[in-house]
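Each remark here refers to the structure printed beneath this line.
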Amino acid sequence: MNESTLFLITFILYIIAAFFYFSFLFTRREDRARFGFIFAFGGLLIHTLALIWRTVESGHAPFTNMYESLSFFAWSSILAYVIIEFKYKIRKAGPYFLLIVIALMALASSPLMPKEAAPLVPALQSYWLWLHVSVTLLGEAFFAIAFITSIMYLVTESKNRRGVKTGLTAEKLDSISYRCIAIGFPLFTLGGLVFGMIWAYKAWGAYWSWDPKETWSLITWFVFALYLHTRIVMGWKGRRSAYVAIFGFLSALFTYFGVNYLLAGLHSYA
Amino acid sequence: MEFLLKFLKSLLNSLSSVKLAIFLLIFITAASALGTLIPQQRSTAEYVARYDQLAHVFIRFQITNLYHSGWFIGLLSLFSLNIFVCTLTRFLPRLRRAVHPKLITDKKNILVLKIKDSFGKNWRLAKTQEEFKKELSSRHYRLKGELKGNRAFFSARKRILGLFGSDVVHLGLLFVLAGGIISGSGGTREHLILNEGQILPVSKADFKIRLDKFETEYYPNGSVRDWKSTLTVLENEESILSKVVEVNHPLSYKGFVFYQSSLGWNWSNPSVEIWIKKKKDPSFLKKKEIKIGERALLEGENVQISVLRFVPDFVITENNEIATRSLDPNNPAAFIKGQRGDEKIFSGWIFAKFPDFSRIHHIKEADFSFELKNFKGSQYSVIQASKDPGVNFIWLGCAFVMIGLSFAFYWPPREIKVILEESHGKTEVAAGGIVSKNREAFQLEFEKIMASLRRKK
Ligand code: HEM
C-alpha cells in the first residue's frame, strides 16, 4: 500500500460514483443517485488518506507541484460537492460535477505531470503555502459547483420556457449558484488574496507585484464581485447572473492552468 | 451658483452610483488582463521587435507599464472615490434605520412578506405583549416597540451587525487601496550586496547592516534547501541585534525589512585544491591547496605546480578563447603548469565536474594525473532592504474585508415585525419576518416562535 495505490483506488471510486450518477440521470432512479453519493463519499475518505500519506511521506504540504495541486483541487471539489449535496440536494448536478473531478484526477495521473515529491525550493518552505493554496482551492471548488449549476440553470431555463417541466427548478439552481458563490467568495478572498499577499510579503518583500498569476486571481475576484453587486444592488438574476458565474469560474481556471503555461511569472511551480 | 450646486449634486449622484462601480470594475478587469498579455516594463527595442508599428502606440498609452501608468492609477482612484461616496451615502440612512427602526406600519405590509403568520389569542394586549417579549428575548432578539391606542407595534431584531457587513468590506478596501498608494509613493527598496564581514549603510536609515556569515544549505541531491545570512544591525558602531535571515524569514528593524534575495560568487581571489596521482604508483597521492598565480612544490619529485588561471563556468568562445559563461560555478576549471627546475613538463586545463577529461599537454615524460577537487571563491549575499509604510494599512484593510465578508455572508440580520391589535378582550397577531440571506433557517426559527406562542394558554 502506498500513496499512488490510494490515489488509484480514489480515482476508481470516483469513476464508479460518476457511473451511478449518470445511470440516475437516465433512469431517474433515486437509489442510483444514493449509490453515487456513497461512492463519491468513500472516494473522498480514501483521497483524504492519500493526501495525509503524501504529506507525512514528503514532510511538506501536498501542493508543491501540479500533480499534488490537481489532486488537492479534486479533493476539495468533492468535499464542496458533498457539503452542498448534503445541504441543498443537488444530485442532478452530480454527474456533471463528477466529470470535472474525473478530468482533474485524469490530468493529475497523466504522465505529463511529474509525481515525485521534489525537495522544496526555499520560497515554498512556509506554512503560508499551506494556508494560501488550500483555502484558495477550496474556494474555487465552490465556484466550480456554481459553474455547473449555472450551466444547468441556462439549460433548465430554456427547457422551462419551451414548457418542459423539470425536477430541479431553474429558480432553485439560480439560488444554489448564489449560495455557492457566497461560500466561495470569502474563502477565495482569504486564501487567494489575503494569504497570498502575506506569503509574498514574507518571501519576496512585496505583497503585490502584478505578476500574471496575482493579476488573474484579482481578475477572478473582480468578476465575482461583479456577480454580487449586479445581483444584490441591481437585482440581476437568472440568465445574466449565470453568465457572470460561468465567466468567473473560467477566469479561475485560467488563473490555475493558463497562466502557468501561457504566461510567465513568479508562480511557475503550482 | 445654482448651476454649480446642480453640477455638484449630479457629480455626487454619479459617484455614489453602483452603475459607475460596475463600469469601473469591468474596465479595470479588462485593463488588468491586457497587462498580463503584453509583457511589462521591457525595453523599447524589444517592443518594436515584437509589435512593430504598434509598439509606439503601446508606449504612448503606457500600456507597457500599465499598472503604474497615470490612467490606471486614475481609474483605481476613481474607484476608491466611488466606494467611499457610495458607502457613505448608504451607511448613514442604514445606521439611522438600525437605531430607529420603522415601527408603525400597515398590516398589509406585513402580510405580503414571504415569511409571515397571523392568528388570534384570548389575551389582553398587555399580556400578549409580555408573552412576545419573553419568547423573542429568549431567542436573543432585541425588541423595540410602540403603543398606539389599542395597537402595539414591535420590531424584534438580532444580528444587527450583519447589516453593516458590506460597509466594513468597503472600508477595508479603501484601506487596502490607500495602503497601495502609500507603498507606491513612499516605499523604498534597494539591494545590498554583502560579502562576509562587510558593513553597508542602509539608505534613508540611521543604521548599518553587517553580514557576519553566509551559508547555502543543500539537499542530499544537490539542490538548494536554503540560504542563510546572519545579519547584525549596527547603530553608531554598536551592535543592536543579530538574526539569521532566510527566505520566508526576514529581519525587521525600524520599519525596514531585510530579505534574503539572492546570492552571487566573487572570484577575485580564489584558491583551488588539486589532487595529484601517479598512474604507475597507486599509493601516490598528494593534495595541494594553491591560490591562483601561486605555486606549490611537489615534495620528493622536484616538481613545482602553479595555477595560472581559474574560471567558474568554462567555455570556449567563437574566437577560440577560454572564457567564463557566468559567475556561477557550473563548470569550474583551472589552468595548471608544471616545471622541473626551469624546464616546463606539462600544462593544461583540468575540470572539477569532469575529472576524466583533462586537457593536459605533457611535454616531457611525466606520469602525473591531476584532479580539481575543490575550489574556493567567496559567495556574497544579496539582501533586499525595503521600507513599505503602506503595508500596515494593507493588513488592516484585509482584516476589515474578512470581518465584513463574514458578517455580510454568515451573519445576516433577522427581523420580525409584529402588530398586535386588541378588540373585545382578544388580541389579533400579525407577524412577518425579514432576512436577506439563508431564508430557510430563519423560516424554521420563525415558525418555532409562532408555534410556541400559539400553543401558550
Ligand atoms: C472590488 C470591489 C468591491 C468589493 C469586493 C465589494 C464587496 C461587497 C460585498 C461583499 C457586499 C455584500 C454583498 C452581500 O451582502 O451579499 C457588497 C455590497 C454592496 N456594495 Fe460592494 N464591493 C466592491 C465595490 C463596490 C463599489 C465600488 C460600490 C459603489 C458604488 C459598491 C456598492 C455596494 C452596495 C451598494 C452594496 C449593497 C449593500 C447592502 O445593501 O448591503 N461596492 N459589496
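The values are calculated or read from the model by the stated rules, or taken from the named source; none is laboratory data. Source: prediction; values computed, not measured. Glycine gets a Cβ as well: all are built from the backbone with ideal geometry, and neighbour counts include every protein chain shown. Ligands, DNA and RNA are excluded from the accessible area calculation, which covers all protein heavy atoms including side chains. Shrake-Rupley method; radii C 1.70, N 1.55, O 1.52, S 1.80 Å.
Taking every residue in the range B:399-415 that is closer than 21 Å to B:R97 by Cβ and pairing it with any residue that is assigned to a helix (DSSP H, G or I) and more than 10 Å from the ligand (Cβ to nearest atom), at least 6 positions away or on another chain, the pairs with Cβ-Cβ distances below 6 Å are B:F407/B:L161; B:P413/B:I160; B:R414/B:F442. Here B:I240, B:I274, B:I290, B:I209 are screened, and the one residue that is open to solvent by less than 20 Å² (accessible area, probe 1.4 Å), at negative phi, free of Cβ contacts under 8 Å to residues at least 40 places away in the same chain and in a strand (DSSP E or B) is B:I290. In the set (1) touching a helix residue (DSSP H, G or I) at 6+ places or on another chain (Cβ under 9 Å); (2) within 14 Å of chain A (Cβ to nearest Cβ); (3) within 30 Å of A:I232 (Cβ to Cβ); (4) open to solvent by 60 Å² or more (accessible area, probe 1.4 Å), B:N82 fails one condition alone, (4). Can you find, within the range B:248-261, the residue that is most open to solvent (accessible area, probe 1.4 Å) among those that are farther than 18 Å from B:N195 by Cα and under 16 Å from the mean Cα position of the chain (by Cα)? Selected residue: B:H249. Of the residues making up the range A:21-59, those that are in contact with an Asp or Glu (Cβ under 8 Å, 6 or more places away or on another chain) and free of Cβ contacts under 8 Å to residues at least 60 places away in the same chain number 3.
Here A:F142 passes the criteria (1) more than 13 Å from chain B (Cβ to nearest Cβ); (2) within 15 Å of the ligand (Cβ to nearest atom) except the one numbered (1).
Residue count for the range A:1-48, restricted to those that are out of contact with any Phe, Trp or Tyr (no Cβ under 6 Å at 6 or more places or on another chain), among the small types (G, A, S) and under 14 Å from A:L98 (Cα atoms): 4. Annotation: of all residues in the range A:187-231 being within 12 Å of the ligand (Cβ to nearest atom), hydroxyl-bearing (S, T, Y) and within 17 Å of the chain's Cα centre (by Cα), the one that is farthest from B:L396 (Cα to Cα) is A:T220. Scanning the range B:167-188 for residues that are exposed (fewer than 14 other Cβ atoms within 10 Å of the Cβ) and either touching a strand residue (DSSP E or B) at 6+ places or on another chain (Cβ under 6 Å) or more than 15 Å from B:S386 (Cβ to Cβ) (or both) yields nothing. Of all residues in the range B:152-168, exactly one satisfies the criterion of being within 16 Å of the ligand (Cβ to nearest atom) and assigned to a strand (DSSP E or B), namely B:R157. Within the range B:176-232, the residues that satisfy the criterion of being under 23 Å from the mean Cα position of the chain (by Cα), within 14 Å of chain A (Cβ to nearest Cβ) and polar (S, T, N, Q) are B:S183, B:T188, B:S229. Considering only residues that are within 12 Å of chain B (Cβ to nearest Cβ), crowded, with 17+ Cβ neighbours inside 10 Å, among the hydrophobic types (A, V, I, L, M, F, W, C) and assigned to a helix (DSSP H, G or I), which ones fall in the range A:225-246? Those that are within 12 Å of chain B (Cβ to nearest Cβ), crowded, with 17+ Cβ neighbours inside 10 Å, among the hydrophobic types (A, V, I, L, M, F, W, C) and assigned to a helix (DSSP H, G or I): A:A225, A:L226, A:L228, A:V244.
A single member of B:I115, B:I110, B:I104 is under 30 Å from B:V169 (Cα atoms) and more than 34 Å from the chain's Cα centre (by Cα), and it is B:I115. Would you call B:Q40 at pLDDT below 85, over 23 Å from the mean Cα position of the chain (by Cα) and not small (G, A, S)? It is false that B:Q40 is at pLDDT below 85, over 23 Å from the mean Cα position of the chain (by Cα) and not small (G, A, S).
Restricting A:Y21, A:Y14 to residues that are under 15 Å from A:L79 (Cα atoms) and among the hydroxyl-bearing types (S, T, Y) narrows the list to A:Y14.
Has the range B:411-419 got at least one residue that is under 37 Å from the mean Cα position of the chain (by Cα), open to solvent by less than 20 Å² (accessible area, probe 1.4 Å) and within 16 Å of the ligand (Cβ to nearest atom)? Within the range B:411-419, one or more residues are under 37 Å from the mean Cα position of the chain (by Cα), open to solvent by less than 20 Å² (accessible area, probe 1.4 Å) and within 16 Å of the ligand (Cβ to nearest atom). Going by the structure shown, is B:V112 more than 14 Å from chain A (Cβ to nearest Cβ), β-branched (V, I, T), more than 16 Å from the ligand (Cβ to nearest atom) and at negative phi? The answer is yes for B:V112.
Counting the residues of the range B:78-97 that are under 18 Å from A:F222 (Cα atoms) and free of Cβ contacts under 8 Å to residues at least 24 places away in the same chain gives 0. Candidates in the range A:232-245 are the residues that are more than 16 Å from the ligand (Cβ to nearest atom) and not aliphatic (A, V, I, L, M); of these, the one that is nearest to A:V259 (Cα to Cα) is A:Y243. Put simply, of A:F22, A:F86, A:F63 the only residue that is outside any helix (DSSP H, G or I) and at pLDDT below 90 is A:F63. Taking (1) among the hydrophobic types (A, V, I, L, M, F, W, C); (2) within 16 Å of the ligand (Cβ to nearest atom); (3) more than 14 Å from chain A (Cβ to nearest Cβ) in turn, B:V435 satisfies each apart from (3).
Scanning the range B:393-410 for residues that are open to solvent by less than 30 Å² (accessible area, probe 1.4 Å) and more than 11 Å from the ligand (Cβ to nearest atom) yields B:I394, B:G397, B:C398. Scanning the range B:343-355 for residues that are over 19 Å from B:V311 (Cβ atoms) and open to solvent by 20 Å² or more (accessible area, probe 1.4 Å) yields B:E343, B:K344. A count restricted to the range B:27-74 and to residues that are part of a helix (DSSP H, G or I), within 12 Å of another protein chain (Cβ to nearest Cβ) and closer than 22 Å to A:S251 by Cβ stands at 14.
So that you can scan it fast, the table gives a plain yes or no per residue for (1) within 7 Å of chain B (Cβ to nearest Cβ); (2) farther than 21 Å from A:L250 by Cβ:
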residue: A:I151; (1), (2): no, no
residue: A:R162; (1), (2): no, yes
residue: A:A182; (1), (2): yes, no
residue: A:A203; (1), (2): yes, yes
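Considered as a group, the residues in the range B:189-202 that are in a loop (DSSP other than H, G, I, E, B) and over 13 Å from B:G255 (Cα atoms) include one that is most open to solvent (accessible area, probe 1.4 Å), and that residue is B:E196.
Considering only the range B:203-224, I want to know if a residue exists there that is in contact with a Phe, Trp or Tyr (Cβ under 6 Å, 6 or more places away or on another chain) and farther than 21 Å from A:G205 by Cα. The answer is no, given that none of the residues of the range B:203-224 is in contact with a Phe, Trp or Tyr (Cβ under 6 Å, 6 or more places away or on another chain) and farther than 21 Å from A:G205 by Cα.
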